[in-house]
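The structure appears below as structure tokens.
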2 protein chains.
Amino acid sequence: MKLEKLVGDRFKERPSDCVIDSHALMIRGGYIKNVANGIFSLYPPLYRVTRKIEQIIREEMDAIGGQEVLFPVVMPASLWEESGRYQGVGEELVRFNDRNKSPMVLGMTHEEAAVHLVREYGQSYTRYPFMIYQIQTKFRDEARPRGGLIRVREFTMKDAYSFHTSREDLEEYYYKCYEAYKRIFYRVGLPEVVVVASDPGMMGGNISHEFMLLTPIGEDSIAVCSHCDYRANTEVAECIVENDDEGADEKPDLVYTPGMKTIDEVCAFLNHPVEHSCKTVVYQKKAGGEYVLLFLRGDLEVNETKLRKHLGEDVYPAVITGDCGLAAGFIGPFNLKGDFTVLFDRSLKDARNLVWGANIADYHYKGMQVERDIGHVEYHDFARIKDGGICPQCGKPAISIFRGIEVGNIFQLGTKYTRSMGMQYLDKNGERQYPLMGCYGIGVGRLAAAVCEARHDDFGPIWPISIAPWQVHTCCVRADSAESREYADRLYRELQEKNIEVIYDDRSVNAGVMFADADLLGVPIRVIVSPRNIRESCCEIVTRDKAISMKVKMGEAVSAIQDLIARLTAR
Amino acid sequence: MKLEKLVGDRFKERPSDCVIDSHALMIRGGYIKNVANGIFSLYPPLYRVTRKIEQIIREEMDAIGGQEVLFPVVMPASLWEESGRYQGVGEELVRFNDRNKSPMVLGMTHEEAAVHLVREYGQSYTRYPFMIYQIQTKFRDEARPRGGLIRVREFTMKDAYSFHTSREDLEEYYYKCYEAYKRIFYRVGLPEVVVVASDPGMMGGNISHEFMLLTPIGEDSIAVCSHCDYRANTEVAECIVENDDEGADEKPDLVYTPGMKTIDEVCAFLNHPVEHSCKTVVYQKKAGGEYVLLFLRGDLEVNETKLRKHLGEDVYPAVITGDCGLAAGFIGPFNLKGDFTVLFDRSLKDARNLVWGANIADYHYKGMQVERDIGHVEYHDFARIKDGGICPQCGKPAISIFRGIEVGNIFQLGTKYTRSMGMQYLDKNGERQYPLMGCYGIGVGRLAAAVCEARHDDFGPIWPISIAPWQVHTCCVRADSAESREYADRLYRELQEKNIEVIYDDRSVNAGVMFADADLLGVPIRVIVSPRNIRESCCEIVTRDKAISMKVKMGEAVSAIQDLIARLTAR
């Protein structure tokens, strides 16, 4: 099409409210327009990108036997009551009443709808395994949408659901899907995406993986071992620390630590290593406000995902009131008075000569040990893995922490939904069984944004040819020159006849404006027709990433472009 | 794919809750599953049909310069407040608050979103005309969903919006879209769709047309002239009647009509022609309950769409209370006491010797005339056109009334939305102007259902090849015969290699089950491989509509199928 007719504006200034580059470029390039917080309309260039991403996803899902279906966006609350998520999920789930006062929800994920669709179909073992998927709009009422298309409230998602009669079959299919995902990310131009173990969260099940694009602007933090292939979201990565056994056991000693409320202040004041301290982090349970005291080594941080999972309920950082019996800033496990949930992180196991709060304002103890001074306690893993920490897989202190954008996730759900929703099949022996499920998601818009984040320069996105809005961008510089225009017009026609997707800029604007717009549209192959080139009987072909720049004879332009498309497509 | 793996069940019994055939067949054929009232999930066969319909629509929209975009399903209420429709539209518009208590709506149409997207882009006349469209999920909280996919609450729709700087340009584009729509309906296999003038309703604007599939199960009624090309939805069709001028003017005469409350009862009692009567239909305004009295000729019915349009507000059939001053059943225009909105249908103009209610219980007047007995009144068109009525275009009494399913609509919206939402452009003279808009909709699921309704037999849909879920359905009858299976397997492979879409049934079921399933899937070309055919070194090729049935040599099957696909595609 002609650029002149392309709906949307492009401009140079970075909008002040854009924190990340892909957001700024998508606004500047006329890709998206904000309709409400976390809700966008897509202009034609981004719509074209997302359609191509969808097609790649579709091909890979079909290749592993997926069958495309369509679930509704609006579902009756009763379906979510069956699975228990109507109550279980928080405010991200939009609930409303229809005109007949029936409670409805907006689909944020479709496990319930998937089970509903195949509950009767899947009544015999002979029909397993099977996988259904859809590419459809979802709405998730995020508290904090951010980063343009990185975290939105409304988005297009491919979500797939597989059904199996055995754990082995689920695992085998899960691995197939894992491989299909790797191909998808490779094909859209993100071969560097890594797979990490993750927390299933509200989806349920035990095993899940996330596909992560490592980038400083990512929302997730990922533990990567440089010595082995261990990779995990820090939400689930085990935190392993070693406590040294040097020196003799000290005796308990009450020390005056006036106004020293943080463990760092206390250790600095006492000139004591922070690894030999125990700090207290206090939470309250969301349901009833009950206090939860978590003790862990002073140099570690709490991983709240692990804490919530252990408790099986939500918590928030506590507000310590005067009458609750806690001496804020001086809390410790010894001589603690009151009825609290008390938890010990396993970093305290075998830790000696600890400093911890004395439960008396302005006092701490020194020389403490959990087992000796408190007695037997249960230890669990509540701490966040640290940069430089010990790898839970190979045991080497080789962990690095990276930021990442999650571009896909896969879950082994087990029988969570089939059991709660009463989906059963008769096995070979005529016995009723619950099928096992897997589910597999990719957010289309976020993936487009992630590609833009990974492939751009200051002037615009550098779209891989597999998902670029067009393959070729023809610039007719000085369209007022009859020779230029005639040749550029002909080239435009000829490329279209070869089914090449061309955007053609024949506007009467200067080359600077023309190239700035071309940069913002990020089309991989640019063809420049200008009076100077025409005088040399050639045109210029350059790639958006500047890797290739060449002059070709006018008559050979079409075949040179075809060759280049083939080369870019192959790599 | 193999039929054995196809998700969804097929069965013979017509579900008792299905009133129309397409609904029953789509349930029986494993096309749809009801999730809630008017909300469905789509199984793979129907998803494939709708994808093909979408692609045809997309090609035709692109061919008239449309640019595909994507608007959100969830929009802020503020956008609908700008246009005035947040208040103006009734309960069909789903309204809810998000987690931050911001009022939101679910998109049932996207004029507001379209204006929002291009409000800045369209600031100069040089950018006009342009058209944007999307294919996206919509939700309309219908009071009475019915007929499977014919009237649903959630549906996929193609909605297009064009923008213009002059009435002529809008009309020219409107006509282009009109032609594109005709091509779309032709290509999906409904060349018989007719275009009718229609009521713009909540969309606004003055001129609109509907594309109708005429069928007895349609929800709309259409006036079609057998003498000229007049076609209109009866909602807007002018009702023209002639009043005879035979005989002498009678004098007013009060007559006793005990217990005769309907005009038909009165006329029968008095042995008086009903064309010479005036009946009263009473409504109340929705806003305040005020009574509206509508007088029209006794043989006609009220067209409530015209009434609402005239009043500019909603009404409902009145509840006549004892104290309202109306003598229910005996109301007439003469000696009427009380403060009511009184309206006269133009059928009463020049009507003489009328019977009408006397506003006294059990009494009517005879020999009445409006102008003579009441004085000058304004007449408007409030009556519903009748079968056998006069054509508003050619004047001949040649109107027939048909039922129809609306499969598409187009509207000349004018400046309704651009004005209310403050979208302006600078014209050539630097003056600010409001652009004119057109909008153009097609419901994808309803179109699929309409094709099924028009193209089926008792055994299943007869899908046109352009939108069929697959092109070829291969039945391997007696798959336990090694020769049959070997040949059918090879044929399946070869057809796939030719990029032909095949569904392959190699199940160990009898031919009856196999053919019943094939009928339900409605694939246009069926290939039957059986031991008997193999013995004759051939296979059978039959079309779903039974028009073609032939035996071809085994080695020639692929090319025969290719030829047949080409023939079916061309017709």
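Report Rg/Rh for segment B:354-499, rounded to two decimals, where Rg is the Cα radius of gyration and Rh the Kirkwood radius.
1.28
Express in nm, to one decimal, how much length is gained between A:K101 and A:E486 on full extension, taking 0.36 nm for each residue of separation and deducting their alpha carbon distance.
132.2 nm
Looking at B:I20, B:N499, B:C394, which one has the Cα that reaches farthest to the positive end of the dipole of chain B (charges on Cβ: Lys, Arg +1; Asp, Glu -1)?
Positive-most Cα among the choices belongs to B:N499.
Considering all projection directions equally, how large on average is the shadow of the alpha-carbon convex hull of segment A:253-380, in square nanometres?
Its average projected convex-hull area is 7.2 nm².
If you consider only alpha-carbon coordinates, what radius of gyration and Dmax does the protein assembly as shown have, in Å?
Final numbers for Rg and Dmax: 36.2, 130 Å.
Determine the relative contact order of segment A:253-380: mean sequence separation of Cα pairs under 8 Å and six or more apart, normalised by residue count, in whole percent.
About 29 percent, as a whole number.
What is the residue of chain A with the smallest Cβ distance to the axis taking A onto B, and what is that distance in whole Å?
Of all Cβ atoms in A, the one closest to the rotation axis yields A:F96, 2.
Relative to the Cα centre, what is the charge dipole magnitude of the protein assembly as shown, using +1 at the beta carbon of each Lys and Arg, -1 at the beta carbon of each Asp and Glu, and rounding to the nearest 20 debye?
Around 1720 debye, computed over the protein assembly as shown.
Can you list, bin by bin at 10 Å, the percent of alpha carbon pairs in segment A:164-266, starting at 0?
11, 27, 26, 14, 13, 8, 1
Given the C-alpha centroids of segment A:501-571 and segment B:133-170, what is the distance between them in whole angstrom?
When both Cα centres are located, 40 Å separates them.
Suppose you put the label 7 Å out from Cα in the Cβ direction; list, shortest first and in nm with one decimal, how far A:S102 is from each other copy's label.
3.0
For chain A, state the semi-axes of the equivalent ellipsoid (square roots of 5 times the eigenvalues of the alpha-carbon gyration tensor), sorted largest first and rounded to whole angstrom.
53, 32, 22
Quick one: of B:K2/B:K33; A:K416/B:K138; A:K182/B:K498, which pairs are farther than 25 Å apart, Cα to Cα? Could the numbers behind the result be given before it?
Numbers: B:K2/B:K33 21 Å; A:K416/B:K138 31 Å; A:K182/B:K498 29 Å.
The answer is A:K416/B:K138; A:K182/B:K498.
Could you work out the Kirkwood radius for segment B:1-64, taking every pair of different alpha carbons, averaging 1/r and inverting it, reported in Å?
13.4 Å
Hey, got the Cα dimensions of segment A:306-372 along the principal axes, in Å, largest first?
34, 30, 17
Specify the inter-centroid distance of segment A:408-444 and segment A:1-64, based on alpha-carbon positions, in whole Å.
For segment A:408-444 versus segment A:1-64, the Cα centre distance is 35 Å.
Would you tell me the mean number of C-beta atoms belonging to other protein chains that fall within 10 Å of each C-beta in A:113-120, as a whole number?
3
Relative to the other copies, what are the label-point distances for A:R432, with labels 7 Å from Cα along the C-beta vector, expressed in nm at one decimal and sorted shortest first?
Sorted ascending, the copy-to-copy spacings read 7.0 nm.
Just want to confirm a number: the relative contact order over segment A:408-465, from Cα pairs under 8 angstrom separated by 6+ residues, in percent.
31 percent
In debye, nearest 20: dipole of segment B:98-253 around its Cα centre with unit charges on the Cβ of K, R (+) and D, E (-)?
Magnitude of the dipole: close to 1600 debye.
Tell me, how many Å apart are the Cα centres for segment A:298-323 and for segment B:301-352?
Distance between centres, Cα-based: 70 Å.
Put +1 on the Cβ of each Lys and Arg and -1 on the Cβ of each Asp and Glu in chain A; which of A:H473, A:N271, A:M554 then has its Cα farthest toward the positive end of the dipole?
The one lying farthest along the dipole's positive direction is A:M554.
Working only with C-alpha atoms, what are the Rg and Dmax values of segment A:423-494, expressed in angstrom?
Reported Rg and Dmax, both Å: 26.0, 81.
So what is log10(I(q)/I(0)) for segment A:99-210 at q = 0.11, 0.16, 0.20 1/Å, when the Debye sum runs over its Cα atoms only?
-0.49, -1.01, -1.43
Using a 7 Å offset from Cα along the direction of the beta-carbon, what are the separations from A:P531 to the same position in each other copy, nm, ascending?
Computed spacing set for this position: 8.4 nm.
Can you return the aspartates and glutamates within cross-link range of A:K386? Criterion is Cα-Cα under 16 Å, with same-chain partners fewer than 8 residues away left out.
A:D220, A:E235, A:E238, A:E242, A:E275, A:D299, A:E301, A:E304, A:D345
So for chain B, averaging the separation of alpha carbon pairs under 8 Å that are six or more residues apart and normalising by length, what relative contact order in percent results?
17 percent
Along the charge dipole of segment A:100-231, pointing to its positive end and built from +1/-1 on Cβ of Lys, Arg, Asp and Glu, which listed residue (A:V194, A:A180, A:L106) has its Cα farthest out?
A:L106
Kirkwood hydrodynamic radius (Cα pairs, Å) of segment A:1-112?
After inverting the mean inverse Cα-Cα distance, the result is 17.7 Å.
With N denoting the number of residues in segment B:470-570, provide Rg(C-alpha) divided by 2.2 N^0.38 Å, to two decimal places.
Working: Rg = 12.2 Å, N = 101, 2.2 N^0.38 = 12.7 Å.
So the Cα radius of gyration is 0.96 times the expected 2.2 N^0.38 Å.
Using a Förster radius of 30 Å, what is the FRET efficiency between B:Q55 and A:E497 based on their Cβ-Cβ separation? Nearest 0.05, please. Walk me through the numbers on the way to the answer.
Numbers: r = 21 Å, r/R0 = 0.70.
Rounded to the nearest 0.05, the efficiency is 0.90.
For a Förster distance of 22 Å, can you work out the FRET efficiency between the beta-carbons of A:A268 and A:C324, rounded to the nearest 0.05?
Once rounded, the FRET efficiency stands at 0.20.
Taking the Cα centre of chain B as origin, work out the dipole magnitude from +1 charges on Lys and Arg Cβ and -1 charges on Asp and Glu Cβ, in debye rounded to 20. Don't skip to the answer; put the middle values down first.
Working: 70 positive and 83 negative charges, 385 e Å.
Result for chain B is approximately 1840 debye, rounded to the nearest 20.
Reachable lysines from B:K337, Cα under 24 Å, same-chain residues fewer than 8 places away excluded?
B:K251, B:K261, B:K279, B:K285, B:K286, B:K349, B:K366
Compute the Kirkwood hydrodynamic radius of segment A:224-327, taking the inverse of the mean of 1/r over all pairs of distinct Cα atoms, and give it in Å to one decimal. Let's see the in-between values first.
Details: mean 1/r = 0.0603 Å⁻¹.
One over the average 1/r among Cα pairs gives 16.6 Å for segment A:224-327.
The numbers here are math on the coordinates, done by the rules we state, and not lab data. Just so we're clear, the structure is a prediction, and the values are computed from it rather than from any experiment. Counting neighbours? That spans all protein chains shown, and the Cβs are built from the backbone with ideal geometry, glycine included.
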